[in-house]
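This is the structure, below, for whatever I ask next.
The values are calculated or read from the model by the stated rules, or taken from the named source; none is laboratory data. Everything numeric here is computed off the predicted structure, so don't read it as measured data. Here the Cβ positions follow ideal geometry from the backbone for every residue, glycine too, while neighbour counts run over all protein chains shown. Heads up: the accessible areas ignore ligands, DNA and RNA and are worked out on the full protein's heavy atoms, side chains in. Shrake-Rupley method; radii C 1.70, N 1.55, O 1.52, S 1.80 Å.
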Amino acid sequence: MLILKISKRVPESMISQLNNLLKFPPITEKRLALQSHTPFFLSLRRIQIKCFHSSGPVRCPKVALVESPLPISSSVIKISRVARSDAQAALFEYLHYTRGFTYMDAEHISKNSPHFVENLVMKVENEQDVSRALSKLLRYYPINEFEPFLESLGLRPTELSLFLPANLIFLADDHMLLDNFHVLCDYGIPRVEIGKIYKEAAEIFGYEFGRLNTKLRAYEDLGLSKPTVIKLVTSCPSILVGDVNKELVDVLNKLTELGFQRDWIGGYLSSRHSYSWNRMLDTMTFLVEVGFGDMQIGDLIRKNPAFLLEGSGKQIYVLFGRLLKLGLKMNEVYLLLLENPEILSPKCAKNVWKALYFLFEIGMETDHIAKFLRTHIQLLASHSLKGPKTVLRSLNGDRQKLLQVMSENPSKFFALAFKSNISSIEQIRAKNPGKMLQKTAFLLKLGYIENSDEMGKALKKFRGRGDQLQERFDCLVQAGLDSNVVVDMIRQAPTALNQSKDVLEKKIAYLISLGYPVVTIAAFPTYLCYDIGRINRRFNMYLWLKERGAVKSMISPSTLLACSEARFTKYFVDVHPEGPLKWESLKKSSLSS
């Protein structure tokens, strides 16, 4: 009922949403995560699955899983790297030379359908020459081509049976599917993302020629760039069904009114999330109704886009409601958000929820919780607290003593309750406060928690000012990579950002010139960390072998760059009689340049 007192101007629909969200159930740290571990192909030693001669979906027999010290999973099947490589080569040759698939299609399917390839190897597991045995098998027993095709698009093996057509096994028999698939590929949508589109908007794969292209162009006509349209389609495939999505258009118009560029949203979309455009509109309307002006809303979104885009604005309803229920006044919540927009980020919000749970659990009164939260919101949002029992144990379980410490000496409480030790970061920051502040701000955008041990390690790994790191980060996004993907890349290979923008651009352009898509870097971010001389030498050697037919197909950059010098010599130099001479020539050329 307290929510009804927020403002007489708040629409009933907004109040209804708040009331539904703010049941304020007991907060618990323990959550049950249900994960399916059922593999699509179990070992053929246990189950015989007939994949060939099928005229419809593969039906797996029901299996009774019994307790076992080892979980049943695809990892139980041990297949050598050589056998897997031979099977991929055999599948590629079958698709490309026998079935007439384009080189790119055949290569992608053969390289990105590991479970199907694994199943093929198991069919000839007792043969000495896997490649020859599979070539013979595929010659006489055609496969259901939809299985490796759909798996290569990103569908999980356990999902395939739901999407296999009933009476087809050859992809060429569904020409509209292939036509629309190639429209998406040609537009620039990564093949591994098309599986999500296939699951959520299967209708578009039945569009007549030209219709899908028209729909894609219609979104560009709204003032959006092609990279933004690609992110929109991969995150919300349903926008390609029917007319141009009206709710999306309304969101874009509202953001334009708030002072954002038309293409701004593209920098923050991710194919890993789905978005509710209606909820985003409701969120912005709600902020207006409770007293925020356009300028304040714009500032909130600029400082922390995640609160609008991650969860499509649901976070704002929950946060407002809980703070109001604690006794904070509307103007206090308003100022808290304006002064500390970072508390709307998922990680900081999680820390706040844990802090609320902690304060309730130790028996602090509601008005004292509100005061404590209001005073220490930044610290509570940026740090994770230990559990109440752990903190109380250090005080012999005395709750009253803990409450007294929190009231009289909050710093002592934080030293007891925070999981991380913040003193080390404070020492680092003291050496160069200006530079460290910029770098810290950049790392916070990457998802690091302020004053955490992880932040301390990251501050030592990244070299350069915050604005330089941001420039290098933007360089990777502008190359066509999703910003969330770039974040993951940088966390895997932090030293990639320790190079100048020019060097990064040079390495990306070189890889693209060889025919690799830019998403290749996302799968192997360490590529950016290798010396340009090593990259040139090894790729030039590979291209020389390819021209002479010594290697069969395009090899991943990780295979060429990550192996040792001795291993590279064995597999990419000595495989050709003239290879050693060419390799010495490339090394001398590299030294002289």
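Checking Lys314 against (1) in contact with a helix residue (DSSP H, G or I) (Cβ under 7 Å, 6 or more places away or on another chain); (2) open to solvent by less than 40 Å² (accessible area, probe 1.4 Å), only one condition comes out false. Which one?
With (1) in contact with a helix residue (DSSP H, G or I) (Cβ under 7 Å, 6 or more places away or on another chain); (2) open to solvent by less than 40 Å² (accessible area, probe 1.4 Å) applied to Lys314, the lone miss is (2).
So Thr283 passes all but one of these: (1) over 29 Å from Val487 (Cα atoms); (2) buried (at least 20 other Cβ atoms within 10 Å of the Cβ); (3) among the polar types (S, T, N, Q). Which condition number does it fail?
(1)
Conditions (1) within 22 Å of Ala523 (Cα to Cα); (2) not in a helix (DSSP H, G or I); (3) not polar (S, T, N, Q), marked per residue:
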| site | (1), (2), (3) |
| --- | --- |
| Lys215 | no, no, yes |
| Leu224 | no, yes, yes |
| Leu232 | yes, no, yes |
| Val244 | no, yes, yes |
| Asp250 | no, no, yes |
| Asn253 | no, no, no |
| Phe260 | no, yes, yes |
| Leu281 | no, no, yes |
| Val288 | no, no, yes |
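Within region 127-137, restricting attention to residues that are surrounded by 20 or more Cβ atoms within 10 Å (Cβ to Cβ) and in contact (Cβ under 8 Å) with a residue 24 or more places away in the chain, which residue is nearest to Leu91 (Cα to Cα)?
Looking at residues that are surrounded by 20 or more Cβ atoms within 10 Å (Cβ to Cβ) and in contact (Cβ under 8 Å) with a residue 24 or more places away in the chain, I get Leu134.
Let me ask something else about it. Looking at this structure, is Gly579 among the small types (Gly, Ala, Ser) and in contact (Cβ under 8 Å) with a residue 40 or more places away in the chain?
no
When region 377-410 is examined, which residues are found to be closer than 23 Å to Leu336 by Cα and either of a type in the set (Phe, Trp, Tyr) or within 33 Å of the chain's Cα centre (by Cα) (or both)?
The answer is Ile377, Gln378, Leu379, Leu380, Ala381, Ser382, His383, Ser384, Leu385.
Conditions tested, residue by residue: (1) loosely packed, with under 15 Cβ neighbours inside 10 Å; (2) in contact with a helix residue (DSSP H, G or I) (Cβ under 8 Å, 6 or more places away or on another chain); (3) among the charged types (D, E, K, R).
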| site | (1), (2), (3) |
| --- | --- |
| Thr256 | yes, no, no |
| Arg262 | no, yes, yes |
| Gly267 | no, yes, no |
| Ser271 | no, yes, no |
| Ser274 | yes, yes, no |
| Trp277 | no, yes, no |
| Leu300 | no, yes, no |
| Leu309 | no, yes, no |
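Among the residues of region 181-193, count how many are within 24 Å of Thr98 (Cβ to Cβ), touching a Leu at 6+ places or on another chain (Cβ under 9 Å) and at pLDDT 90 or above.
1
Scan the helices (runs of 4 or more DSSP H) fully inside region 479-593 and keep the ones with 3 or more residues being of a type outside the set (A, V, I, L, M, F, W, C).
483-492, 501-513, 532-547, 557-561, 565-572, 579-592
Considering only helices (runs of 4 or more DSSP H) fully contained in region 375-474, which possess at least 1 residues that are at pLDDT 70 or above, open to solvent by less than 90 Å² (accessible area, probe 1.4 Å) and within 28 Å of Gly363 (Cα to Cα)?
In region 375-474, the matching helices (runs of 4 or more DSSP H) lie at 388-393, 399-408, 410-417.
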